[in-house]
1. Could you tell me which of rounded, prolate or oblate describes the range A:122-273, using a ≥ b ≥ c as the square roots of the eigenvalues of the alpha-carbon gyration tensor, with rounded for a/c under 1.5 and, failing that, prolate when a/b is larger than b/c and oblate otherwise?
2. Nearest 10 degrees, 0 to 90: what angle lies between the long axis of helix A:11-39 and the longest principal axis of chain A (Cα atoms)?
3. Could you tell me whether the range A:1-110 comes out rounded, prolate or oblate from its Cα gyration tensor? Rule is a ≥ b ≥ c as square roots of the eigenvalues, rounded for a/c under 1.5, then prolate if a/b exceeds b/c, otherwise oblate.
4. For a quick check, take a GNM of chain A with Cα springs below 10 Å and name the residue from A:127, A:27, A:46 with the largest mean-square fluctuation.
5. Roughly how compact is the protein assembly as shown, stated as its Cα Rg over 2.2 N^0.38 Å to two decimals?
6. Where is the GNM fluctuation largest for chain B (alpha-carbon springs, 10 angstrom cutoff): B:61, B:126, B:104?
7. Going 7 Å from the Cα of residue B:220 along its beta-carbon direction, which residues of the range B:2-39 have the amide nitrogen within less than 16 Å of the resulting point?
8. I'd like the orientation of helix B:111-127 relative to chain B: the angle between its Cα long axis and the longest Cα principal axis, in ° from 0 to 90, rounded to 10.
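Just so it is clear, none of the values below were taken in a lab; they were calculated from the coordinates. Keep in mind the model is a prediction, meaning the values are calculated, not measured. Please note: Cβ atoms are built from the backbone with ideal geometry, for glycine as well, and neighbour counts cover all protein chains shown.
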């Protein structure tokens, strides 16, 4: 008898194993939904698949007469642009601070404590300050995401740059490189693959802050929508929205991973010796 | 003028004394092997010459000029590992120094300057036997290839001094013999003064024109860190001096030279 830890599923079995829990979950949902509707045909907590399909049709394929736009696209566009702007700025800030922090002991001494302190403050607790200072518009939502993800990103990238072997930095100096040249030609290229990886890791947190900010003050957005229809117990809308958000997150993650592999092939050697 | 002169040099970390009373004069063109047990300050001595370490006391001068405690392009270095940049291919690794010298702001060259620099890099790669590996990244190279790139990368700056910190320690025995041939050839061709730290006594005697052995001459059992290491044997590898060697070392050197 082989040990369990040596059993490696392959091919069809692998796909089947991956699908099994999803199918089981759907089945359980279907059965409980049926049971609830047998007792109360107007049950809203576990809507039938037919009701969910109707809701998807309304949200994703019909133009909302008041706004003149399809709600799902409107919400998706608003949320993704907030997320994109926030992550874009965060990535740039992280790159600059991470390189300085990892490479320059002077900068590390100067900013290490304050970055640690900011990282410890719960971002949601800072949201009221953001609303007061930046108003209820886009800036406060983008600001919340940035405050939420930047400290962790900076510390991660700083540690990564700091872990570049000292031999490399010494070698660069013996080749005549200045601090700036070492930052640009040695540290920066080696930081980039990790930076993309850090963005991937922080996507989850960024979504949390986005949905929170939208839930509290917004008039459009995925988070705004699900918290809006919650008042009417519209699980038929909330459930597909949640699935859609998850799909978007998975797609972003996949795209970033694919970009990392193709753009920085030196960091992902094939058949490395 | 001496390539290197150390006068009563001490290196201390806090109350830990690593090197004490080190006196040394090295003629230009020497190949100095540095041997000694672990913890005897071999690497510290190399770091001192490299400028990574400053003497706590004493004077250290390179070609008559006091050493600045910062690495610079007059001293090339090859470490045991991590000497090459993993994100650059062989050619880009070798041309790195020229690019830094040619462009302070961007650290890159364009057009004619770039072509000239790349030609120089290709010539250097050919000199270390890597003519056909220009586009290979370090992750795809064997240990020996990486060290060849590291040597080419250092040589392109035309350093006066080349420092080797156990450069062949991680290589297979066969590859090591090839590298011995390469380094001996390059040493002559480029008129270098070489300092090499090694654990391999045979290697030290086979390559060096001078072998320095570091050790702690005194040991305080209660505070072993309070006495530092110094040069306990200084052997020139010509016949006259070789005859005066302690028999156990003479035996090894004879074997290595044959």
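1. oblate
2. 40
3. Oblate, since a/c reaches 1.5 and b/c is not below a/b.
4. A:27
5. It is 1.35.
6. Looking only at B:61, B:126, B:104, the biggest GNM fluctuation is shown by B:104.
7. B:11-21
8. Helix B:111-127 sits at roughly 50 degrees to that axis.
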